[in-house]
Amino acid sequence: MRKQFLACLALALLASCTNSGTEKETVEKNNPKTEVKKEVKSQTKPKKRLAMPVLDLNVRYPKKIVDLQDIADVEYIVLETHEDGLAGSNHYTTLTDSLIITYKFSSKDILLFHRDGRFSHSFNREGGSGKEYSIISENLCVNPEQKEIYIYESARGRIQVYSFDGQHKRTLKVRGDGFEWGTLYYIDSKSLLLEDKNNVGANANSPRPYYRLSIADGSKQRLPIKVEKRIRNGESWYVKETGLFWGIGVNISPVANIGGELIISDFALDTVYAYRDERLIPIARKVNWMKNSGQPWLVTLDAITDKYYLWHAIKKTLKMTAWPDKTFLQDRYTGECTQIKLADKNITDKKYRFRHRASANLFCLPKGYIMQYYPAYSLVELYKEGKLQGELKEIASKLGEDDNPVLMLAKFKE
């Protein structure tokens, strides 16, 4: 009897230990806290972007030819040819969610197309009245939030404000220190940036050429960016024999609205700034903008993605031919940089495929996009010579030489 009792007790204790272990394992398996701890241990910390990537023009970066289609999703937008909407191969084009807005310099027309390229409408308010403008060029900018278009008349010290359908809404008197030549850039629904382009070299009267301008009343404040011995993309000089001024320029700007964010990359400074919430935030550096020859390299950001900076540099010379230029793709996480040539693989002509620079610097585009205009006559010529392929070949087969240009829009893959 005693032996039976001891045997039963041993079996009970054994069962108890076994159940306790099973219950403990069950609790651990079903305990969410335990699972979270295990997950956290197995996770790796995400990589952080560099606070200040550096582009050093002294460095010989590796070179590479890159087909746009390999790094970006490319689409072609055929701007519809319309008797009221004849566009030139303009820069300073704004792409909104639903519209493409540009202008024609010669006729002073403002042109609006649907996002797919269909012509929407145009308007022209050229004249001398208080509600009209006298000139239109890169001094036009677009407010996509309030659907307003601003045209800066520097000689008259005012900005004309129009709705997207061309109705005059108001005139802003540009208050404060006066100057004759400037360019507008959209910041946000409250303000614009006004760059004093006359404040360069021998004409400089202040080392602070950038202003924040109120959309409400036209008042302006200088931004705290000091620029000594400022340089710009243009060059002009007086020819004594003829009594005339000559000038050359190139399409590169120290200011750009990229993805809704204003970027300032003044050519005479090493620091690149983003203007956010009325603050200047350093986002990158560029080294050696002035070579030993004394000829400056004009360096700006052409595009920004979550992963990359696309840089463009142009050597400023007094030659009337094309200025030497370089394009760099830089990883924002590692700082690694490659000098690249971007090419549209649907253009097989070796000379033409590198002739047009795809950029967001001269346009106002969403983040991660670059754009370029292809003149219709160029595409027609390339088509006749058999130097196009794919979708672009099909598009060119339907174009006339006098048609509106085709936009090449590329969105970088991440």
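The values are calculated or read from the model by the stated rules, or taken from the named source; none is laboratory data. Here the structure is a predicted model, which means the values were calculated and not measured. Because the Cβ atoms are built from the backbone with ideal geometry, glycine has one as well, and the counts that use them run over all protein chains shown.
Here are some notes:
- Checked against the criteria, ARG357 counts as assigned by TED's automatic domain parsing to the domain that holds TRP311, outside any helix (DSSP H, G or I) and either within 23 Å of the chain's Cα centre (by Cα) or among the hydrophobic types (A, V, I, L, M, F, W, C) (or both).
- Any chance GLU391 is without any contact (Cβ under 8 Å) to a residue 40 or more places away in the chain, surrounded by fewer than 17 Cβ atoms within 10 Å (Cβ to Cβ) and among the acidic types (Asp, Glu): no
- Residues in region 82-114 that are over 20 Å from ILE370 (Cβ atoms) and not in a loop (DSSP other than H, G, I, E, B): HIS82, GLY85, TYR103, LYS104, ASP109, ILE110, LEU111, LEU112, HIS114.
- Search result, residues across region 149-169 that are without any contact (Cβ under 8 Å) to a residue 40 or more places away in the chain and under 15 Å from LEU111 (Cα atoms): ILE151, SER163, GLN167
- When residues of region 369-402 are limited to those that are in a helix (DSSP H, G or I) and of a type in the set (Phe, Trp, Tyr), the one nearest to ILE304 (Cα to Cα): TYR377
- Region 115-136 residues that are part of a loop (DSSP other than H, G, I, E, B), paired with ones that are surrounded by fewer than 16 Cβ atoms within 10 Å (Cβ to Cβ) and hydroxyl-bearing (Ser, Thr, Tyr) (beta carbon under 6 Å, 6 or more apart): ARG115/SER98
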